[in-house]
Structures are given as structure tokens and as C-alpha cells.
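Below is one structure, written out as C-alpha cells, with a few remarks after it.
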């Protein structure tokens, strides 16, 4: 169940459930309409659970995650603040992933790195990247999303949900990834880059 398929399925399902105006239903139809339908979120939960389980079972490669760069948007911070930030996110991570027949990438990961305040930040999540150029065995590029949980020292290491975009460019087993954390003046607006090496 890919991100784009979900949007289509939802739209189609809502259209199918809606009854056309001006059409009179017969008695049996009315009885059928009174029968409780399963909740939409139950169906979504089942589809999501099956998809995530399927990805886990199909994952045939192990990925090494290497954080590379944290870059704070210079137009959103003062020079003094920028100078105080750590932009070398030393760390490491590991994950499981697989490529489907269309070279789309799906995977799970866990990673820890030094954040902007030079404190450790762990993150665990799932990602999907739709391949837009090339093939997995050669030059490839795509866009996608990642969802998961992180924890930071400035939030007392309470679990924080994350949903972020991913841009990826790679060649065969090596991929350069980037995401952008949105925010306001003096908060967020960070470009984070990392690489993955599959083996």
C-alpha cells in the first residue's frame, strides 16, 4: 500500500459509499443500509498493518545509515545562533529495506546522531520513496515520505512524532538522502542529509 494508492483508494471508497441523489431504495436495500458497516479506520488499520508486515517480510537488504550534514536556514537565524549550532551530526544507524519491481524503496530504520545542540537524538521510523528516474541497479532518484518518532534533549527526551519529506539520489546500493524540517523564525527550518549503503 503505497502513499499514492492510499489517496486513490480513499477517494474511490467514499464515492462508492455515497448514494446517488434521487434514487429510491427498495425495502431490502433499506434493510441493508441499516446493517452496521465496518468503520473506515478499521479497514485502513488492517491495510496499513498488512502493508507494514509485508514490507518487513520482503526486506532483503540491510542498510547502514550515516548522517552527513545538518544545515540551518541562514535567513531564519541570527549569526550568533548559527555559530552556536552543531552542523556535523556524527552518528550511525541501521535498517531493513527492499526495492519493488518499479525500483520504489520501502524500509525501516533506527538511527542516532548529534543534534543542533550537540546532544544525542535517536529516531526510529519507516520510509517510502517512489522512484522517478532510473533503476535500482544503476542511477536512480525519487521522492517520498518518512514517518516515525524521535526524542530530543530540549524536550526532555519525550517521544515526538515526525512526518517529513524525503528526496533521494543514488547509484545501485549507495543513496544520498535529504529532508527538510519546516519551522518558524528561530525554530526548525533545517536541512538534514544522510547516506545509506545497502549490503
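The values are calculated or read from the model by the stated rules, or taken from the named source; none is laboratory data. These numbers were taken from a predicted model, which means no experiment stands behind them. For neighbour counting, all protein chains shown are included, and Cβ atoms are generated from backbone atoms with ideal geometry for every residue, glycine included.
For the condition without any contact (Cβ under 8 Å) to a residue 60 or more places away in the chain, assigned by TED's automatic domain parsing to the domain that holds residue 98, over 16 Å from the mean Cα position of the chain (by Cα) and not in a helix (DSSP H, G or I), what is the one hit in 136, 167, 147?
Numbers: 167 fails: over 16 Å from the mean Cα position of the chain (by Cα); 147 fails: over 16 Å from the mean Cα position of the chain (by Cα).
Checking each option against the conditions leaves just 136.
Consider residue 103 carefully, then state whether it is assigned by TED's automatic domain parsing to the domain that holds residue 139, touching a strand residue (DSSP E or B) at 6+ places or on another chain (Cβ under 8 Å) and touching a residue at least 40 places away in the same chain (Cβ under 8 Å).
no
Quick one: which of 130, 158 is farther than 22 Å from residue 88 by Cα, modelled with pLDDT of 95 or more, assigned by TED's automatic domain parsing to the domain that holds residue 85 and part of a strand (DSSP E or B)?
Among 130, 158, only 130 is farther than 22 Å from residue 88 by Cα, modelled with pLDDT of 95 or more, assigned by TED's automatic domain parsing to the domain that holds residue 85 and part of a strand (DSSP E or B).
If residue 33 passes every condition in (1) part of a helix (DSSP H, G or I); (2) in contact with a helix residue (DSSP H, G or I) (Cβ under 8 Å, 6 or more places away or on another chain); (3) modelled with pLDDT under 85 but one, which one does it miss?
(2)
If I filter the range 70-91 for residues that are surrounded by 13 or more Cβ atoms within 10 Å (Cβ to Cβ), within 13 Å of residue 198 (Cβ to Cβ), within 21 Å of the chain's Cα centre (by Cα) and in contact (Cβ under 8 Å) with a residue 60 or more places away in the chain, do I get at least one hit?
The answer is no, given that none of the residues of the range 70-91 is surrounded by 13 or more Cβ atoms within 10 Å (Cβ to Cβ), within 13 Å of residue 198 (Cβ to Cβ), within 21 Å of the chain's Cα centre (by Cα) and in contact (Cβ under 8 Å) with a residue 60 or more places away in the chain.
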